[in-house]
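The values are calculated or read from the model by the stated rules, or taken from the named source; none is laboratory data. In this text, all values refer to a predicted model and were calculated from it rather than measured experimentally. So basically every Cβ, Gly included, is an ideal-geometry build from the backbone, and we count neighbours across all protein chains shown. For accessibility, only protein heavy atoms count, side chains too; no ligands or nucleic acids. Shrake-Rupley method; radii C 1.70, N 1.55, O 1.52, S 1.80 Å.
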Amino acid sequence: ILLSTSRVYSIPPLASLPVEAHADAFRLSAAGPRPKGVGPAGIAEEFSTGAPVSLYGSTKLASEALALEYGETFDLPVFVNRCGVLAGAGQFGRADQGIFAYWLNAHLRRRPLKYIGFGGHGHQVRDCLHPRDLVPLLLKQFAAPKLAAADRLANIAGGARSAMSLRQLTTWCDAKFGAHTVSSDPAPRPFDLPWVVKRSPPMHSSTPNGSSSRRPSKLRFKFIVFYFIFMSAAASPFAPLTLFSVVIPARDEEESLPSTLAAIYETFAAEKIPHEIVVVDDGSKDRTWAVLQELRATIPTLCPTQNLGQHGFGRAVVWGLDQSKGDAVVIMMADASDAPTDAVKYWKLLGQGYDCAFGSRFVSGGKVVDYPRVKLFVNRLANFLVRIGFNIPLNDTTNAFKAYRRTVIDGCRPFLAPHFNLTVEIPLKAIARGYTFKITPISWYNRKFGEAKLKIKEMGSRYFFICAYVWLEKYFSRGDYRKNNKL
């Protein structure tokens, strides 16, 4: 069984079909002659396959001839299915293969889209075929004997009922995912075609060729959308991100905050990242709270809050997570040790569909500046043990500077760590529970003002407790806490 393509049909007569714009799509015009094999129901098998058909089309056409010759030579049943645009769960190849799937995926991810040719209006039309409509036919063909030559080749397509223009597809996506700007390039390109809708013969119980008896419908089209929401490569996101919440715990950081917050705001504003900066005053005894109130005049996205409960780094972070409104969050330090440009990389990784964005200062491209030697030794030893114990590629788990989708934060609750050990609890839980992540190199700079709050002697046993807790979950909970667990 050869799955062929509509590209085997001759390009010049297809390009010159008489079409007119109607309801944001091209349709066959009643005026002007039509070549043989074209009617309101679509393009039939008798349409010309004369050159040019494109290099891709010529390879498919040659494959058809070879398959039919092979069947005659060795007395084998052969079927050639000239398929329309396949899109949906179960198709071959990439998740965004085919124009329908590509357009849906790009719209959902807010990636650039462009109407090309035909005035740049997006009126060009294609029909769509879902694998659920193709499989019943294939099953019949697998069980069929050798047929007469006339029954071995057929168009297998969605037909006129499943045809749609790019403009109509964009309108549909706008209603489902929110408006997305599509640019325009009116310049024509070689081999661009205005209307390609293939006619499929009806399915007869006695003939294992022709189209499926179940005509593709709007329900089929929804299956395609669900496929991309749930199965798109590298991703578990369900919608484009709308707000990036920066959560910063701060205790006695009056000197560090002005430059730290200004750098974050300026970087995010330049990148046009919608954001809020949630700074948590965790029981400061200096002017931290007063400084935050003053900075609101120059940093409009600043949202200071005071932790009114028990204090501690972990508790302050959780307080900030609870107060934040973004569908993505990044935890940063108040002492300017984390580079805002790295947070931008995190935002883009989450936008690509990853659940978590993890930075590492100790991979190629990473950098540390003025890192205390004793702390560096302890850091590398601790991270080595974590990496071995959990069998993970991340080699900088203890660093707090990481970003997550809101679904990850909610999926990892409740949080147990009240202090700096929260920096390992969140990423280890996220990994153990099956959330996707990407590691990227980042930079770290030692603080210029104040003193570090992390005390290694006080935190060692607390880090061990959290690691042991998550390790037990990973290896002994039988997946009870994993993402999308159905139990």
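Quick one: of the DSSP bridges fully inside the chain, what percent are antiparallel, nearest 5?
30
Counting helices only, and only those DSSP H runs with n ≥ 4, report the 222 nm mean residue ellipticity of the chain as the sum of -39,500 (n - 2.57) divided by its residues, in deg cm²/dmol to the nearest 500.
-11500 deg cm²/dmol
Tell me, what ³J(HN,Hα) does each residue in segment 304-311 have, in order and in whole Hz, if you take phi through Karplus 6.51 cos²θ - 1.76 cosθ + 1.60 with θ = phi - 60° and put x for Gly and Pro?
My calculation for segment 304-311 gives x, 8, 10, 6, 8, x, 5, 9 Hz in order.
Using a ≥ b ≥ c from the Cα gyration tensor of segment 1-140 (square roots of the eigenvalues), is it rounded, prolate or oblate, where a/c under 1.5 gives rounded and otherwise the larger of a/b and b/c decides, a/b for prolate?
Oblate shape, in that a/c is at least 1.5 and b/c is the bigger or equal ratio.
Taking the convex hull of the Cα atoms, report for the chain its projected area averaged over all directions, in nm². Intermediate values should be presented prior to the final figure.
Values: hull surface 116.2 nm².
For the chain, the mean projected area of the Cα convex hull comes to 29.0 nm².
Keeping the other protein chains in place, figure out the carbon and sulfur percent of the accessible area of segment 324-424, with a 1.4 Å probe.
61
Which of the three applies to segment 234-323, rounded, prolate or oblate, going by the alpha-carbon gyration tensor with a ≥ b ≥ c and a/c under 1.5 meaning rounded?
Working: a/c = 2.55, a/b = 1.34, b/c = 1.90.
Taking the square roots of the gyration eigenvalues as a ≥ b ≥ c, segment 234-323 is oblate.
Can you give the local net charge around ALA144? Use residues other than it whose beta-carbon is closer than 13 angstrom to its beta-carbon, Lys and Arg +1, Asp and Glu -1. Intermediate values should be presented prior to the final figure.
Details: positive: LYS140, LYS146, ARG152; negative: ASP151.
Net of charged neighbours comes to +2.
Could you tally the net charge around VAL291, taking each other residue with its Cβ under 9 Å from the Cβ of VAL291, Lys/Arg +1 and Asp/Glu -1?
Around VAL291, the charge tally is -4.
Mind listing P(r) for segment 96-168? All alpha-carbon pairs, 5 Å bins, whole percents.
The calculated distribution, bin by bin, is 3, 12, 18, 19, 15, 11, 8, 7, 5, 2.
Magnitude of the Cβ-charge dipole of the chain, K/R +1 and D/E -1, about the Cα centre, nearest 20 debye?
Taking the Cα centre of the chain as origin, the dipole is about 940 debye.
Suppose R0 equals 30 Å. What FRET efficiency, 1/(1 + (r/R0)^6) with r the Cβ-Cβ distance, do ALA187 and GLU271 give to the nearest 0.05?
Working: r = 31 Å, r/R0 = 1.02.
After rounding, the FRET efficiency stands at 0.45.
With helices defined as uninterrupted DSSP H runs, which ones in the chain have an alpha carbon span along their own long axis of at least 24 Å and mean Kyte-Doolittle hydropathy of at least 0.0?
Sorted by number, the helices that extend far enough and score high enough are 55-74, 373-390, 456-476.
Between GLN323 and LYS114, what is the label-to-label distance in nm when each label sits 7 Å out along the Cα-to-Cβ direction?
Computed distance between label sites GLN323 and LYS114 equals 4.5 nm.
Go through segment 1-87 and name the trypsin sites (Lys or Arg not before Pro) that are in a DSSP coil and have 13 or fewer other Cβ atoms within 10 Å of their Cβ.
Loop-located and lightly packed - LYS36.
Quick check for you: with a 1.4 Å probe and neighbouring chains kept, what is the accessible area per residue of the chain, in Å²?
Value for the chain: 48 Å² per residue.
Can you list residues whose amide H is under 5 Å from LEU153's amide H, if they're 5+ apart or on another chain and H is modeled 1.01 Å from N?
Distant-sequence amide H within range of LEU153: VAL80.
Excluding TYR265 itself, what net charge comes from residues whose Cβ is under 12 Å from its Cβ, given Lys and Arg +1 and Asp and Glu -1?
Overall, the nearby charge balance is -2.
What residues qualify as long-range amide H neighbours of VAL368, i.e. H under 5 Å apart, gap of 5 or more or another chain, H built at 1.01 Å from N?
TRP444
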